[in-house]
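Below is one structure, written out as structure tokens, with a few remarks after it.
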Amino acid sequence: MSPQDQAAPAALETIETDCVVIGAGPCGLFAVFELGLLDIKAHVVDILDRPGGQCAELYPEKPIYDVPALPIVTGQELTDRLMEQIKPFGPQFHYSERVDGLSRLEDGRFRLLTDAGTEFITKVVVIAAGGGSFMPKRPPLDGIENYEGTSVFYAVRKMEVMRGHDVVIVGGGDSALDWTLNLQPIANSLTLIHRRDDFRAAPHSVEKMRALVAEGKVRLMIGQVTKINGDGANLQSIAVKTAAGEETVPCTAMLPFFGLTMKLGPVAEWGLNLHENLIPVDTEKFETSAPGIFAIGDINWYPGKLKLILSGFHEAALMAQAAQRIVYPGKKVLFQYTTSSSSLQKKLGVK
Amino acid sequence: MDLGTGACLVLTELKLRSGERLMAKITFIQPDGQAQTVEAEAGLTVMEAAKLNNVPGIEAECGGACACATCHVYVDELWREQTGKPSEMEEDMLDFAFDVRDESRLSCQIRVTADIDGLVVRVPAKQF
Ligand SMILES: Cc1cc2nc3c(=O)[nH]c(=O)nc-3n(C[C@H](O)[C@H](O)[C@H](O)COP(=O)(O)OP(=O)(O)OC[C@H]3O[C@@H](n4cnc5c(N)ncnc54)[C@H](O)[C@@H]3O)c2cc1C
Ligand code: FES
């Protein structure tokens, strides 16, 4: 049974640690650095399959001009540099996992559970969830939510599920083209629908797709889906508007690929105070309404908050000081510069 | 997700200081036919003009970076020449919009100039 099938999901793996950072966006990554300087090792969880959050997912190639001391840096470069900067602290990344549950244990520590069944028992939690969970965009077709998971899929976990189906794939990027090529051999029929006869996907997959179309193995339609038809759980057909008019196409499995959007997601269910879908924090420690749970970066709110990368970096530094008092109670907090402290330099691996 | 508060404040200030700067009129027509005409300063984008005037249906989640496609509009037939064609980057982003037509544009990629004074655009029923 998969973990989702159970009321109280059981963990497949339990990790005890000092700190879990939820979100590998720029602020979560820099938190690893600030925590590391204070001897706190972190596990970092993100839904995406790689680090960088918005910077890597939404604008990897676009320039950012307001990161101090970097007159111009792209979203991906910033991510790469942060990854290099935090390397000495050996953070453990858990990609493609979403933190679903967060609760406090009787001993004061926290229990986190991901959708992949990883359980963390930790002293401190840093929520760096940014704009929330990245989720696939749902085409605004009436009733589509009723078919999600049965006939409408935004990702393919098991290819076999698609065997024998009349598969319709919508989109023109790499996901759409890759799945067209992968599913064509096992589908009963495969129709690729895109709004224009021009594809963003890698040229070699576009070529392969065109060859399949020429052989009559894939049907390519230039148009848009306007309606879905089915019995409320299983799709039967869809309506497609093309230059030639409207046509009904048999469809028992649809895969729409319209990119990702951010939705608050599970963060809303953790019992924290919220202010317009953001987590209010103090500006001394960036702690939430629950002591021991911190929130930094785009996800938090306080008077004057600016959703900027540089603000999140500052928040990470102050948060780490407060986290240290929880992880190492009684330990004297010594303020040090990386330039001159030999102990910090040792941690950074430069001494 | 809303990233734009900071940027919007700056824009408001710009607008207040603009005084004698060139303004163009832009009309936004909602799916139900309601029209709203706003004054936009040259140099802004049509998306910014919509946000500054609280035009409904223009979400602009990415703040104008051509990275979200939630500022999608249909340019009125009469204005398609003046507003020009989408760039390749904009075309790629339009793939993420819904009900894209020949007259589709991302309003954050249309600059306000004297040439488009009087522009009419339609807001789609849904931005995704
Ligand atoms: C187009 C664009 C241009 C921008 N330009 C600038 C700029 O010039 N300067 C600037 O300072 N800022 C800019 N920003 C804003 C900047 O990108 C954000 O402030 C920054 O990304 C916030 O970082 P973060 O780490 O808080 O969150 P994010 O980058 O949003 O990352 C959060 C991560 O948390 C993950 N997550 C959320 N919930 C969960 C969960 N339950 N389980 C697991 N993972 C989870 C998400 O998948 C995501 O990867 C821009 C944003 C956009 C979209
Ligand atoms: S505002 Fe995001 S693409 Fe125009």
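The values are calculated or read from the model by the stated rules, or taken from the named source; none is laboratory data. From a predicted model like this one, the values you see are computed outputs, not experimental measurements. Neighbour counts are summed over all protein chains in view; Cβ atoms, including those assigned to glycine, are modelled from backbone coordinates with ideal geometry.
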Next on the checklist: Between A:319, A:262, A:254, which is modelled with pLDDT under 95 and among the aliphatic types (A, V, I, L, M)?
Outcome noted: A:262
Checklist outcome for this item: Of the residues in region A:251-277 that are among the charged types (D, E, K, R) and outside any strand (DSSP E or B), the one that is farthest from the other protein chains (Cβ to nearest Cβ) is A:269
Checklist entry - Out of region A:161-207, which residues are under 29 Å from the mean Cα position of the chain (by Cα), small (Gly, Ala, Ser) and more than 10 Å from chain B (Cβ to nearest Cβ)? => result A:175, A:201, A:202, A:205
Checklist entry - In this structure, does residue B:56 turn out to be within 19 Å of residue A:140 (Cβ to Cβ), touching a residue at least 40 places away in the same chain (Cβ under 8 Å), more than 9 Å from chain A (Cβ to nearest Cβ) and crowded, with 16+ Cβ neighbours inside 10 Å? => result no
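Residue B:40: within 16 Å of ligand 2 (Cβ to nearest atom), in contact with a strand residue (DSSP E or B) (Cβ under 8 Å, 6 or more places away or on another chain) and away from every other protein chain (no Cβ under 14 Å), yes or no?
Here the answer is yes, as residue B:40 does meet what is asked.
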Checklist entry - Hey, does region A:31-41 have a residue that's assigned to a helix (DSSP H, G or I), in the same structural domain as residue A:125 (by TED's automatic domain parsing) and without any contact (Cβ under 8 Å) to a residue 60 or more places away in the chain? => result yes
Checklist entry - Quick one: is residue B:31 in contact with a Gly (Cβ under 8 Å, 6 or more places away or on another chain), within 14 Å of chain A (Cβ to nearest Cβ) and farther than 27 Å from residue A:53 by Cα? => result yes
Checklist entry - If you check A:307, A:346, which single one turns out to be within 28 Å of residue A:77 (Cα to Cα) and either more than 16 Å from ligand 1 (Cβ to nearest atom) or of a type in the set (S, T, N, Q) (or both)? => result A:346
Item to check | Matching residues in region B:80-104 - criterion: being under 12 Å from the mean Cα position of the chain (by Cα) and within 14 Å of another protein chain (Cβ to nearest Cβ) | outcome: B:104
Item to check | Search result, residues across region A:293-351 that are in a helix (DSSP H, G or I), surrounded by 18 or more Cβ atoms within 10 Å (Cβ to Cβ) and polar (S, T, N, Q) | outcome: A:311, A:324
